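Worksheet for the structure shown next.
The values are calculated or read from the model by the stated rules, or taken from the named source; none is laboratory data. Just so it is clear, the structure is predicted and the values come from calculations on it, not from any experiment. Here the Cβ positions follow ideal geometry from the backbone for every residue, glycine too, while neighbour counts run over all protein chains shown.
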């Protein structure tokens, strides 16, 4: 019991340190020189929790906006298998290069990087089975509905968008996300986590 309690406090301490680090240095877009911070675990917003709600399936084609250091990209790409594909989009080429190098070292060849703005995605309509972005939506300049409309456009009719949010300076509260998503033609289906750290699933309305 004592060991379990100690481990619990240790995990909470790591999570708190990560939160403080992200809050103290957060900017948009995230500075490449500080990318190591993106590898620190955020409370209740882990790659495993993302996978549970995203439910990647072998052979699917997915889109990740703002992959950072690839914390989510690498496990998702593995789940998609050799017949699947993960497109990653960022406005910073060094971030894309970093992820592809990490993937290559692990033998992952199905990640395709694209330098682009989330408000003007260079993909045809109805391209992706799913898309996701973790602590990114609030960093995109302007109205979040612009990025959400683009995600809806490139999503297949039965596709899904997962938005992960953590209470940093660019945090998008769940109710605000639901409202903005509705305006963009998406609706909130479900969410996991707590108000300050959640993953939400959006689907195409109608």
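Some values worked out for this structure:
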{"read-out": "Some residue of region 49-62 being modelled with pLDDT under 60 and within 23 Å of residue 166 (Cα to Cα)", "value": "no"}
{"read-out": "Residue count, region 76-99 (criterion: farther than 19 Å from residue 128 by Cβ and free of Cβ contacts under 8 Å to residues at least 40 places away in the same chain)", "value": "2"}
{"read-out": "Residue 161 touching a residue at least 24 places away in the same chain (Cβ under 8 Å) and in contact with a helix residue (DSSP H, G or I) (Cβ under 8 Å, 6 or more places away or on another chain)", "value": "yes"}
{"read-out": "Tally, over region 80-123, of residues that are in contact with a helix residue (DSSP H, G or I) (Cβ under 6 Å, 6 or more places away or on another chain), assigned to a helix (DSSP H, G or I) and surrounded by fewer than 21 Cβ atoms within 10 Å (Cβ to Cβ)", "value": "1"}
{"read-out": "Selected residue [more than 22 Å from residue 71 (Cα to Cα) and buried (at least 16 other Cβ atoms within 10 Å of the Cβ)] from 146, 168", "value": "146"}
{"read-out": "Selection count where residues are touching a helix residue (DSSP H, G or I) at 6+ places or on another chain (Cβ under 9 Å), under 29 Å from residue 167 (Cβ atoms) and not in a helix (DSSP H, G or I), scope region 124-144", "value": "10"}
{"read-out": "Only listed residue being farther than 27 Å from residue 189 by Cβ, at pLDDT 95 or above and under 17 Å from the mean Cα position of the chain (by Cα), chosen from 91, 111", "value": "91"}
{"read-out": "Test for residue 72: is it touching a residue at least 60 places away in the same chain (Cβ under 8 Å) and buried (at least 20 other Cβ atoms within 10 Å of the Cβ)", "value": "yes"}
{"read-out": "Some residue of region 198-205 being in a helix (DSSP H, G or I), over 26 Å from residue 44 (Cβ atoms) and more than 16 Å from the chain's Cα centre (by Cα)", "value": "no"}
{"read-out": "Output for region 145-170, where each listed residue is at pLDDT 95 or above and not in a strand (DSSP E or B)", "value": "145, 146, 147, 148, 149, 150, 151, 152, 153, 154"}
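Condition check ((1) in contact with a strand residue (DSSP E or B) (Cβ under 8 Å, 6 or more places away or on another chain); (2) closer than 11 Å to residue 202 by Cβ) across all residues:
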{"site": "126", "(1), (2)": "yes, no"}
{"site": "141", "(1), (2)": "no, no"}
{"site": "144", "(1), (2)": "no, no"}
{"site": "150", "(1), (2)": "no, no"}
{"site": "157", "(1), (2)": "yes, no"}
{"site": "163", "(1), (2)": "yes, yes"}
{"site": "176", "(1), (2)": "no, no"}
{"site": "183", "(1), (2)": "no, no"}
